[in-house]
Amino acid sequence: MELSPEAVKLLLEWFRKNKRVLPWREKREFYRVWVSEIMLQQTRVEAVKEYYLRFMERFPTVGALALAEEDEVLKAWEGLGYYSRARNLLKSAKQIAKEGVPVTYEGVRALSGVGDYTAGAISSIALGLPCPAVDGNVLRVLTRCFADGSNIDEPATKTKFTEVLRRAYPQETGDFCEALMELGAIVCVPNGAPWCGVCPWSGLCRAHLTGEEERYPVRNDKKARKIVNATVCVLERGGKYALEKREDKGLLANLWQFPFFEKVVDIHSFGEVVATKKAKHIFTHIEWNMTGYLIEAREFFGGYEWVSAEEIMNSYALPSAFKAFTEWVK
């Protein structure tokens, strides 16, 4: 199984004419590429763009990030989700500030929060190294191109196509890496029929030539999400609101939230209910069905941090799961 030089040429020509204008593509500096690739983990490009621009304005260099406090970084990350990514960025920034920017794939891979795919992307784009970056999008493109029925959830499939790409890498490592990403993002899409009419590989894609594009990729069935029915209490007293920190392990670890209960709660024991609303938030494997109550608290209950609305807006990072209830805070 080989990706021919002609296929590589067609892809690069297509990419240079059709690539999207994205802020992290303006300059292929290590710091800019690294931050963007961490933000793009499990997050759509459109959702990342504004966060990336704000983050780079606040922390323009790895040195500036290394000097930041964790709460400051989490606040800048607020709403982007998967907050461990922000903590890993901060941890690695401190390491880079001391030891310097890594110049090998192994050095990039050793950074906190960087897996095989992210290390390959950073190495190819920022360091000019022929290091394949193989994720679900790239596997979808390649399994369709070769009409390969291997299960892409199996590690062996990823290993196989990593070697296919390694043998095909041209000198333009950054363009080639981004071109594969781009093809999977805007042409060889996952849901519905791919846009084969504008694909540079339509003349050599075996799945397209046999009319079986939607047969690929083959993967495991998704597991049903766990449903959690929860109660959220927005307690207000004297212009102060109650916040608590989640546990330091698990979902949304160590982040601030309004008092949150995965059980039946006597909400009237807190005080007078002023308003009620329902909200839903979907994580990868869990779905929260939340009922929220705005409550005029009868006292400053212990066990909570009581802070002003201004402090919540400027200093405390609340996950986007609570966005519907944050709107009550004025």
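The values are calculated or read from the model by the stated rules, or taken from the named source; none is laboratory data. These numbers were taken from a predicted model, which means no experiment stands behind them. When we count neighbours, we look across all protein chains shown, and the Cβ atoms used for this are built from the backbone with ideal geometry, even at glycine. Heads up: the accessible areas ignore ligands, DNA and RNA and are worked out on the full protein's heavy atoms, side chains in. Shrake-Rupley method; radii C 1.70, N 1.55, O 1.52, S 1.80 Å.
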In whole Å, what three semi-axes, largest first, describe the equivalent ellipsoid of the range 26-168 built from its Cα gyration tensor (square root of 5 times each eigenvalue)? 29, 17, 13
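Would you please calculate the Kirkwood hydrodynamic radius of the range 208-330 over all C-alpha pairs and express it in Å, rounded to one decimal? Before the final figure, lay out the partial values.
Values: mean 1/r = 0.0612 Å⁻¹.
Taking the inverse mean of 1/r over all distinct Cα pairs, the range 208-330 comes out at 16.3 Å.
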Residues in the range 206-224 near a label at I286, defined as backbone nitrogen under 17 Å from the 7 Å Cα→Cβ point? 223-224
Between S315 and W195, what is the label-point separation in nm under the 7 Å Cα-to-beta-carbon projection? 4.7 nm
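Can you tell me the length gained on complete extension of the stretch A64 to E244, counting 0.36 nm per residue apart and subtracting the Cα distance?
Numbers: separation 180, 0.36 × 180 = 64.80 nm, distance 2.87 nm.
Separation in residues times 0.36 nm, less the Cα-Cα distance, equals 61.9 nm.
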Please state, as a whole number in µm²/s, the translational diffusion coefficient that the Stokes-Einstein equation yields for the range 179-232 at 25 °C and 0.890 mPa s, with Rh defined as the Kirkwood radius across alpha carbon pairs. 181 µm²/s
Under 13 Å from the K19 label point (7 Å along Cα→beta-carbon), backbone N, the range 26-52: 26-29, 33
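Name the shape class, rounded, prolate or oblate, that the alpha-carbon gyration tensor gives for the range 127-211, where a ≥ b ≥ c are the square roots of its eigenvalues, rounded holds for a/c under 1.5, and otherwise prolate holds if a/b is larger than b/c and oblate otherwise. Don't skip to the answer; put the middle values down first.
Values: a/c = 1.79, a/b = 1.29, b/c = 1.39.
It comes out oblate by the Cα gyration axes.
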Output row, site V101, 7 Å Cα→C-beta label point, backbone N cut-off 14 Å, window the range 115-147, residues 122-129
Correct option for percent of Cα pairs over 39 Å apart [calculated from the coordinates] among (1) 12; (2) 7; (3) 26: (3)
Mean-square fluctuation maximum in Gaussian network of the chain, Cα pairs under 10 Å, restricted to D175, D266, D148, hits D266
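In the chain, what percent of the accessible surface is made up of carbon and sulfur (1.4 Å probe, ligands and nucleic acids excluded)?
Values: 8320 of 16740 Å².
Carbon and sulfur together cover 50 percent of it.
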Which residue, W34, S202, F300, has the largest displacement toward the positive end of the dipole of the chain when charges sit on each Cβ (Lys, Arg +1; Asp, Glu -1)? S202
Test of understanding: in a Gaussian network model of the chain with alpha carbons linked when under 10 Å, which of L11, L127, L209 would top the mean-square fluctuation ranking? L209
At 0.36 nm per residue, minus the direct Cα-Cα distance, what do A110 and E305 gain on full extension? Give it in nm, one decimal, please. 66.5 nm
Of A156, A68, A97, the one that fluctuates the most in a GNM where the chain has Cα springs shorter than 10 Å: A156
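Want the number for K278 to K263: 0.36 nm per residue separation, take away the alpha-carbon distance, what's left? Don't skip to the end; give the middle numbers.
Numbers: separation 15, 0.36 × 15 = 5.40 nm, distance 1.56 nm.
Length gained, K278 through K263: 3.8 nm.
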Within the chain: Cβ-based charge dipole about Cα centre, in debye rounded to nearest 20 (Lys, Arg +1; Asp, Glu -1): 400 debye
Could you tell me the extents of the range 213-252's C-alpha atoms along the three principal axes, largest first, rounded to whole Å? 61, 21, 19
For the chain, with +1 on Lys and Arg beta carbons and -1 on Asp and Glu, the positive-most of P60, A242, P217 along the dipole: P217
What distance in nm lies between label points placed 7 Å from Cα along the C-beta direction at R225 and E2? 4.6 nm
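Can you pull the Kirkwood radius for the range 8-91, inverse mean 1/r over Cα pairs, to one decimal in Å? Spell out each step's value before the answer.
Working: mean 1/r = 0.0725 Å⁻¹.
Mean inverse Cα-Cα distance, inverted, gives 13.8 Å.
So if we plug the beta-carbon distance of I186 and K91 into 1/(1 + (r/R0)^6) with R0 = 35 Å, what FRET efficiency do we get, rounded to 0.05?
Values: r = 33 Å, r/R0 = 0.95.
For R0 = 35 Å, the calculated efficiency reads 0.60.
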